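The next block holds one structure in the form of structure tokens; read it before the comments.
The values are calculated or read from the model by the stated rules, or taken from the named source; none is laboratory data. Quick caveat, the model's predicted, so the values are computed rather than measured. For neighbour counting, all protein chains shown are included, and Cβ atoms are generated from backbone atoms with ideal geometry for every residue, glycine included. The accessibility values were calculated without ligands, DNA or RNA, using every heavy atom of the protein model including side chains. Shrake-Rupley method; radii C 1.70, N 1.55, O 1.52, S 1.80 Å.
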Amino acid sequence: NRRKKKGDSISENPSIPNPFPELCCSPFASVLSASLLPKATSRKKQVIKVYSEDDTSRALEVPSDITARDVCQLLILKNHYIDDHSWTLFEQLTHTGLGRAIEDHELVMEVQSNWVMEEETKLYFRKNYAKYEFFKNPLNFFPDHMISFPSETNAALSHSGILQMFLSSSTYPEIHGYLHAKEQGKKSWKKLYFLLRRSGLYFSTKGTSKEPRHLQFFCEFSNSDMYMSLTGKKISGAPTNYGFCFKPNKSGGTRDLKQLCADDEQSRTCWMTAIRLLKYGMQLYQNYMQPYQGRSGCSPLNITPMRSISENSLVAMDFSGHRSRIIENPTEALSVAVEEGLAWRRRGCLRLNSHGSPIAMSNMGMSIHRSQSWFHHKISREEAQRLILQHGLVDGVFLVRDSQSNPKTFVLSLSHGLKIKHFQIVPLEDDGKLFYTLDDGHTRFTDLIQLVEFYQLNKGVLPCKLKHYCARIAL
């Protein structure tokens, strides 16, 4: 009875409302609401070190799933560079003299996970103008004597037809030709006939025979990366300077490399480009298209620039008389351009030189180029070729350097037709004034800046215009 009376008295008391109902325990609700808890992130951050051409470096704290393109974008923003879609993350193996451009979609942490302790490997941030050049000019990358199409395909393919065949999942052109292969475990090289097919890379054991019984498997690409030889004959003893190799992921060292060597740069470029397309396929085209995806209906093949600088739309004009006229004679137009350039340079020198001293103006004209990004001082011919090769063998990639054979002259190193050519810039003295020329004095310039600016607009005696300069950037 006492218990019953006590229970009745408790039930008669009004219940006190709970001011914090969300804290009440319930079998159907958690103690704390999920919206009140901070969201846990699964993206771990790691520190990577990136180098530039002048060996300066920068440490970056990045997420573990960051891609090579994202690292480039981060460095572009931090250093206030202009994004022209040619910046690339480059992997370089110092001891073996190998290097490769990391594809834009590759995860940087996965690339670093394949590094071995014995090999000194670095990440470089530089420009590579040839990264997607084969999408713009595929005919220049695949010569007729190295490529074969399926029998049902028409022999004469258009620009877009070659690209579609390389990116198709059902068909793939066959690349064939001679390559020097280093024999496994030996120092000797053997010249063999190779064939690249969708299933992998093969070589023929009997001349140029393509019969299945004469083909031997050499390498597949899903578990390996392709590298270019940066040192040529020095380390590997290759017969030419156009070497490349395949390095298995997480390999033990140089003993696992499958090394090849081509006879010329065009052949090496064809093999390496075809293998890139075979390994990554449509992903490469997506990487190439990514900078243009924000523009509605734009394609890299038919984009109209915001400012047209077509050669056909520029004419030489003479404004010296009462009425302007078009200069139709090419010789007269060239001389007028040179005279106008000289006058502009003289006005600039007068503005910079407040004292007006002729000696100071002359000294400034001799040294003003040393502050330019395209000038590389006293580097060797081999070093100049290596820099241009790393920036991509695209027509118009250039640099200017001091001549090693003649201390008073300079050299213009220029890429054209997958070759690197060197042109001597000779100083001339006329009537107490110093000029520079590339064509034995027919066209003269007061300094190297004017010379470079002229050949950026006019081909002149060069095989092509100067388009992209090799620069040693600093991070």
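Considering only VAL108, TYR81, ILE48, and ranking their Cα positions along the charge dipole of segment 45-127 that arises from unit charges at the beta-carbon of Lys, Arg, Asp and Glu, the one farthest toward the positive end is TYR81. Distance from the C-alpha centroid of segment 234-248 to that of segment 45-70: 28 Å, rounded to the whole angstrom. Between GLU118 and SER324, the modelled labels are 7.0 nm apart [label points 7 Å from Cα along Cα→Cβ].
Of the residues TYR436, PHE454, GLN385, the one whose Cα sits farthest towards the positive end of the charge dipole of segment 371-469 is GLN385 (charges of +1 on Lys and Arg Cβ, -1 on Asp and Glu Cβ, taken about the Cα centre). What FRET efficiency comes out for SER199 versus GLN372 if R0 is 45 angstrom and r is the Cβ-Cβ distance? Round to the nearest 0.05. Using R0 = 45 Å, I get an efficiency of 0.35. The loop-placed trypsin sites (Lys or Arg not before Pro) in segment 181-219, going by DSSP, that have at most 13 neighbouring Cβ atoms within 10 Å of their Cβ come out as LYS186, LYS187, ARG198, LYS206. Segment 102-126 and segment 362-425 have Cα centres lying 30 Å from one another.
Within the set LYS191/LYS419; LYS49/LYS250; LYS49/LYS190; LYS45/LYS136, which residue pairs have Cα atoms separated by over 29 Å? Could the numbers behind the result be given before it?
Numbers: LYS191/LYS419 23 Å; LYS49/LYS250 20 Å; LYS49/LYS190 39 Å; LYS45/LYS136 37 Å.
Over 29 Å Cα-Cα: LYS49/LYS190; LYS45/LYS136.
Just in segment 43-88: which trypsin sites (Lys or Arg not before Pro) are loop by DSSP and have at most 14 other Cβ atoms within 10 Å?
On the way: sites: ARG43, LYS44, LYS45, LYS49, ARG58, ARG69, LYS78; in loops: ARG43, LYS44.
Passing sites in segment 43-88 are ARG43, LYS44.
What the pair-distance distribution of segment 371-469 shows, using all Cα-Cα distances binned every 10 Å from zero, is 16, 51, 29, 4, 0 percent.
For an R0 of 30 angstrom, estimate the FRET efficiency from the Cβ-Cβ distance between MET109 and HIS80 and round to the nearest 0.05.
Details: r = 26 Å, r/R0 = 0.88.
Result of the calculation: an efficiency of 0.70.
Charge tally around ALA471: other residues with Cβ under 10 Å, Lys/Arg +1 each, Asp/Glu -1 each, net +1.
Summing charges over neighbours of GLU174, with a neighbour being any other residue whose Cβ is under 11 Å away from its Cβ, gives +3 when K and R count +1 and D and E count -1. Per-atom-type breakdown for segment 371-469 gives carbon and sulfur 46% of the accessible area (1.4 Å probe, protein chains only). Element breakdown for segment 45-127 at a 1.4 angstrom probe: carbon and sulfur atoms account for 51% of the accessible area. Per residue, segment 45-127 exposes 45 Å² of accessible surface when a 1.4 Å probe is rolled over the protein heavy atoms with every protein chain present.
Each residue, GLU61 and ASP402, gets one label point 7 Å from its Cα in the Cβ direction; the gap between the two is 4.3 nm. Other residues within the sphere of radius under 11 Å centred on the Cβ of HIS376, judged by their own Cβ, net out at 0 (K and R +1, D and E -1).
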